Structures are given as structure tokens and as C-alpha cells.
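Student: Please find one structure pasted underneath; my questions will follow.
The values are calculated or read from the model by the stated rules, or taken from the named source; none is laboratory data. Computed from a predicted model, the values in this text were never measured in an experiment. Note that we place each Cβ from the backbone using ideal geometry, even for glycine, and neighbour counts take in every protein chain shown. All accessible areas refer to the heavy atoms of the entire protein, side chains included, with ligands and DNA or RNA removed. Shrake-Rupley method; radii C 1.70, N 1.55, O 1.52, S 1.80 Å.
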Amino acid sequence: QVQLVESGGGLVQPGGSLRLSCAASRSLFRLYPMGWYRQAPGKAREMVAVLTSSVSTNYADSVKGRFTLSRDNAANTVYLQMNSLNPEDTAVYYCYAKLNMREYWGQGTQVTVSS
């Protein structure tokens with residue numbers, strides 16, 4: 001069993017930055033894949049950035065070069081640094097992890113990009 005708790009969302013102006021955090025209730029060891037998805041109003045949930053192994057990260061084309069996923073094993077936390085945000089990034093962002101064939105989701109954190 002894994003609990004995932006996101007934080008760091010909020011309102012930001014276009015061009016601004018935010019850092020999301022996802023704290024896991026256990027060690028990140030074996031939590032692969034692990035990362036972030038998002039869901040905008042009226043749209044399907046989509047992958048944003050996911051660690052598929054200790055050395056490999058997948059990013060959605062729409063966020064490449066702007067978002068960076070990182071992992072702090074000592075803190076049992078993954079982060080999503082989001083730069084150059086634009087209104088199309090507005091969504092609820094969900095932390096995701098898989099362990100022993102079972103998927104886990106956080107409760108989501110709202111990110112709103114607006115002037």
C-alpha cells in the first residue's frame with residue numbers, strides 16, 4: 001500500500017514557475033514507474049512526466065524543455081519543476097506510482113495559469 005500526497009499547486013501568471021511535490025508513505029525503492037499526470041477540464045488525463053527507471057524519464061512533448069522531474073530518495077519525494085508556464089498547463093496534477101502491478105494515485109493539486 002502506498003499513499004501519495006501532492007502539494008505546491010496554485011495560481012501563477014503566464015511565464016511563471018511552480019514546483020510540485022509528491023510525498024510517498026514509503027521508500028521510493030521499486031516505485032517504478034512514478035511521476036505526474038494532469039487533467040484539464042473536459043479533457044482526458046494525460047501523462048506529463050514519468051520516471052520509468054532510475055535513469056530514464058519520459059516527458060510529454062508539450063512540456064519538454066520546460067518541466068523537470070526529479071526524485072529525492074532520502075525524502076521519499078518526487079518533484080515536478082514547471083517553468084515557462086502557459087494557460088494550456090492549467091489542470092489538476094496527479095502524482096502516480098506503480099508497485100507490484102498495482103497503481104496508486106494522489107488526490108491531485110490544482111495548477112492555474114492565468115493573468
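Student: Would you pick out the residues in region 38-55 that are closer than 20 Å to Ser27 by Cβ and touching a strand residue (DSSP E or B) at 6+ places or on another chain (Cβ under 9 Å)?
Tutor: Hits for region 38-55 are Val50, Leu51, Thr52, Ser54.
Student: Give Ser70, Ser84 a once-over and let me know the one that is closer than 30 Å to Ser115 by Cβ, polar (S, T, N, Q), touching a Ser or Thr at 6+ places or on another chain (Cβ under 8 Å) and surrounded by fewer than 17 Cβ atoms within 10 Å (Cβ to Cβ).
Tutor: After ruling out the rest, the residue left standing is Ser84.
Student: Scan region 71-92 for residues that are touching a residue at least 24 places away in the same chain (Cβ under 8 Å) and among the charged types (D, E, K, R) and jot them down.
Tutor: Result: Arg71, Glu88, Asp89.
Student: Let me ask something additional. Only one of these conditions is not met by Asp89: (1) within 19 Å of Gln1 (Cβ to Cβ); (2) surrounded by 20 or more Cβ atoms within 10 Å (Cβ to Cβ). Which number is it?
Tutor: Result: Asp89 passes all but (1).
Student: Name the single residue, out of those in region 43-56 being polar (S, T, N, Q) and open to solvent by 50 Å² or more (accessible area, probe 1.4 Å), that is farthest from Ala97 (Cα to Cα).
Tutor: It comes out as Ser54.
Student: In region 51-97, what count of residues is obtained for those that are of a type in the set (Gly, Ala, Ser), farther than 15 Å from Arg38 by Cβ and not in a strand (DSSP E or B)?
Tutor: Within region 51-97, the subset of a type in the set (Gly, Ala, Ser) is 53-54, 56, 60, 62, 65, 70, 74-75, 84, 91, 97.
Within this subset, residues satisfying the condition of being farther than 15 Å from Arg38 by Cβ are 53-54, 56, 65, 70, 74-75, 84, 97.
Remaining after also requiring not in a strand (DSSP E or B): 54, 65, 74-75, 84.
The qualifying residues number 5.
Student: In addition: Taking the condition at pLDDT below 95 and aromatic (Phe, Trp, Tyr), does Phe67 pass?
Tutor: Spelling it out, it is not the case that Phe67 is at pLDDT below 95 and aromatic (Phe, Trp, Tyr).
Student: Tell me whether region 103-115 contains one or more residues that are part of a strand (DSSP E or B), open to solvent by 70 Å² or more (accessible area, probe 1.4 Å) and of a type outside the set (S, T, N, Q).
Tutor: So far as region 103-115 goes, yes, one or more of its residues are part of a strand (DSSP E or B), open to solvent by 70 Å² or more (accessible area, probe 1.4 Å) and of a type outside the set (S, T, N, Q).
Student: A further question follows. Pull up region 15-42, narrow it to residues that are open to solvent by less than 10 Å² (accessible area, probe 1.4 Å) and part of a strand (DSSP E or B), then point me to the one that is farthest from Gln1 (Cα to Cα). Talk me through it step by step, then tell me what you get.
Tutor: Taking region 15-42 and keeping what is open to solvent by less than 10 Å² (accessible area, probe 1.4 Å), we get 20, 22, 28, 31, 34-36.
Those still in the list that are part of a strand (DSSP E or B) too: 20, 22, 34-36.
Working: Leu20: 22, Cys22: 16, Met34: 14, Gly35: 17, Trp36: 19 Å.
Among residues in region 15-42 that are open to solvent by less than 10 Å² (accessible area, probe 1.4 Å) and part of a strand (DSSP E or B), the one farthest from Gln1 (Cα to Cα) is Leu20.
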